[in-house]
1. Please indicate, with yes or no, whether at least one residue in region 52-62 is part of a strand (DSSP E or B), more than 26 Å from VAL137 (Cα to Cα) and free of Cβ contacts under 8 Å to residues at least 24 places away in the same chain.
2. Which of the residues that make up region 27-51 are of a type outside the set (D, E, K, R) and part of a helix (DSSP H, G or I)?
3. Kindly indicate which of THR86, THR106 is at pLDDT 90 or above and of a type in the set (Val, Ile, Thr).
4. Could you list, in sequence order, the residues of region 74-97 that are without any contact (Cβ under 8 Å) to a residue 60 or more places away in the chain and part of a loop (DSSP other than H, G, I, E, B)?
Amino acid sequence: MAGKSGITQLRVGRLVKAHGLKGALKLELFTDEPERRFVPGATFSLQVPPSSPWHGKTIEFAELRWYNKQPVGFFVGIDDRDAAETLVRAILWVDQDDAEELEPDTWYDHQLVGLTAVRAADAPDAEPVVLGEVARVDHLPAQDLIIVKTPAGDDVFVPFVSAIVPEVDLEARRIVMTPPGGLFDPERAEEARPEGQ
């Protein structure tokens, strides 16, 4: 999401459901750096329906805790379960300075969406085969998936692991893949679709 000059809005989490009686909310994380993003005093923009009392507002983070390996957030001014319920399903966005340094082999979703997905060339002088375009990135508990929209309009779910995605070239606007045999065949693509997708 584009914002002010030099600033991009990044989606970093979603509030899944109220937790307990003191205003806590379970978090679905869209960041590999929760301890850095979810710190006391951090401010998030809220993506909620226009009918929500939170529409157009921001919220300040108070504390991140972990319960049974599940992240739970506490927010300033959200002191009971009723207040927490008003925030369920809200998506949290944060301003990200485009100049900020990232760890090696780390990319934000918005950097990957729109890249051309190509199959790694079999020979040094061979042309790579275009597989499609990155439509989105899904963050699942087991692993991240890159969803590639093929020229035929199918969605193919590609595990975002170095063995299958060895190269991301932002300058060339492409992502190189070595997908298992048949993954981009329509029948196999349907088989690879995670349950519920």
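The values are calculated or read from the model by the stated rules, or taken from the named source; none is laboratory data. In this text the structure is predicted, and so the values were computed from the model without any measurement. Neighbour counts run over all protein chains shown; Cβ positions are idealised from the backbone, glycine included.
1. Checked against the condition, which is being part of a strand (DSSP E or B), more than 26 Å from VAL137 (Cα to Cα) and free of Cβ contacts under 8 Å to residues at least 24 places away in the same chain, region 52-62 yields at least one hit.
2. PRO34
3. Sole residue among the options that is at pLDDT 90 or above and of a type in the set (Val, Ile, Thr): THR86.
4. Of everything in region 74-97, those that are without any contact (Cβ under 8 Å) to a residue 60 or more places away in the chain and part of a loop (DSSP other than H, G, I, E, B) turn out to be VAL76, GLY77, ILE78, ASP79, ASP80, THR86.
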